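Peer 1: Got a structure for you, questions after.
The values are calculated or read from the model by the stated rules, or taken from the named source; none is laboratory data. Note that the coordinates shown come from a computational prediction; the quantities given were computed from them, not determined experimentally. Cβ sites come from the backbone with ideal geometry, for glycine too, and all protein chains shown count toward neighbours.
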Amino acid sequence: MKRLALVALSAAFAIGTAFAAGNTDLDIDKVNGSIHVPDNATIGKLSTVNGSIHVGDGAHAADASTVNGSIHLGANVTIDALDTVNGGIHVGAGTKIAKTIEAVNGSISLATGTDVGGKVSNVNGGIALTAAHVGGGIETSSGDIDVGANSRVEGGILVKQDTSWFHFGVSRDPRVVIGPHAVVHGDMVFKRTVQLYVSDSATVGRIEGAKPIAFTGDKPPQ
């Protein structure tokens with residue numbers, strides 16, 4: 001029993017040392033388990049099935065991918081890409097994602113100062129930006145989109161036809177809000193009916209497939 005405990009302690013110490021040393025070659029791959037990356041750690045690829053991924057403040061990682069689990073990034077994280085199936089994604093303030101964020105059947109939220117180099121996309125679940133930047137456009141099929149105040153999106157917005165079987169025949173029109181002083185460069189294209197609200201202080205490009213409803217103040221009426 002003492003030997004087993006010593007082995008476990010040694011393994012934990014080795015992993016902790018690898019984190020502290022900034023080992024970008026250290027990948028973590030799990031099944032039926034969650035992954036926790038400490039604050040300010042440097043690590044390689046993170047992947048799990050039936051588990052969530054939690055990355056601490058100031059950490060660096062190659063990418064994070066999970067099935068049947070959520071991804072939660074702390075503040076000021078640097079990472080290449082995020083991908084989840086059946087789980088939401090929350091990105092903390094000041095975090096930088098070099099490439100893309102993709103989710104199936106899960107919401108995506110980007111806190112203040114988040115910078116995404118590529119596309120943010122999902123099938124089901126809301127997408128919400130709070131004074132965040134997305135460089136490669138936003139895409140969804142049935143989720144609500146909230147481009148919050150002072151957010152900026154390059155590459156436009158696309159809402160596709162909903163061909164997903166997740167709803168089992170029950171669906172509603174997505175609600176798309178472009179908030180005060182938000183900017184959307186590129187076309188906003190809607191392949192299905194949506195409720196589109198655009199702040200009178202926002203800047204948007206060409207709109208196809210929806211008639212915008214202007215609003216004043218912080219939020220449109222519910």
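Peer 1: Looking at GLY125, GLY87, which is the one that is part of a loop (DSSP other than H, G, I, E, B) and modelled with pLDDT of 95 or more?
Peer 2: Checking each option against the conditions leaves just GLY87.
Peer 1: Among the residues of segment 81-116, which ones are small (Gly, Ala, Ser) and under 18 Å from ALA59 (Cβ atoms)?
Peer 2: ALA81, GLY92, ALA93, GLY94, ALA98, ALA111, GLY113
Peer 1: Further, regarding this structure: Looking at segment 150-158, is at least one residue surrounded by fewer than 24 Cβ atoms within 10 Å (Cβ to Cβ), modelled with pLDDT of 95 or more, part of a loop (DSSP other than H, G, I, E, B) and hydrophobic (A, V, I, L, M, F, W, C)?
Peer 2: So far as segment 150-158 goes, no, none of its residues is surrounded by fewer than 24 Cβ atoms within 10 Å (Cβ to Cβ), modelled with pLDDT of 95 or more, part of a loop (DSSP other than H, G, I, E, B) and hydrophobic (A, V, I, L, M, F, W, C).
Peer 1: Could you check segment 70-84 and list, in sequence order, the residues that are closer than 13 Å to HIS36 by Cα and either of a type outside the set (Ser, Thr, Tyr) or modelled with pLDDT under 95 (or both)?
Peer 2: ILE71, HIS72, LEU73, GLY74 - these are the residues of segment 70-84 that are closer than 13 Å to HIS36 by Cα and either of a type outside the set (Ser, Thr, Tyr) or modelled with pLDDT under 95 (or both).
Peer 1: Can you tell me which of (1) touching a strand residue (DSSP E or B) at 6+ places or on another chain (Cβ under 9 Å); (2) surrounded by fewer than 19 Cβ atoms within 10 Å (Cβ to Cβ); (3) closer than 24 Å to LEU158 by Cα is the one ASN76 doesn't meet?
Peer 2: (3)
Peer 1: Which is at pLDDT 95 or above and either among the polar types (S, T, N, Q) or closer than 22 Å to SER199 by Cα (or both), of SER65, SER142?
Peer 2: That would be SER65, the only listed residue that is at pLDDT 95 or above and either among the polar types (S, T, N, Q) or closer than 22 Å to SER199 by Cα (or both).
Peer 1: I would also like to ask the following. Scan segment 73-91 for residues that are closer than 21 Å to GLY44 by Cβ and within 10 Å of the chain's Cα centre (by Cα) and jot them down.
Peer 2: Matches in segment 73-91: LEU73, ALA81, LEU82, ASP83, THR84, ILE89, VAL91.
Peer 1: Scan segment 113-129 and report the pairs whose first residue is over 21 Å from ALA149 (Cβ atoms) and whose second residue is of a type in the set (Phe, Trp, Tyr), with Cβ atoms within less than 8 Å and a gap of 6+ or a chain change.
Peer 2: VAL123/PHE166; ASN124/PHE166
Here is a yes/no grid of residues against (1) surrounded by fewer than 21 Cβ atoms within 10 Å (Cβ to Cβ); (2) basic (Lys, Arg); (3) assigned to a strand (DSSP E or B):
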residue: GLY51; (1), (2), (3): yes, no, no
residue: ASP63; (1), (2), (3): yes, no, yes
residue: GLY69; (1), (2), (3): no, no, no
residue: ASP80; (1), (2), (3): yes, no, yes
residue: GLY118; (1), (2), (3): yes, no, no
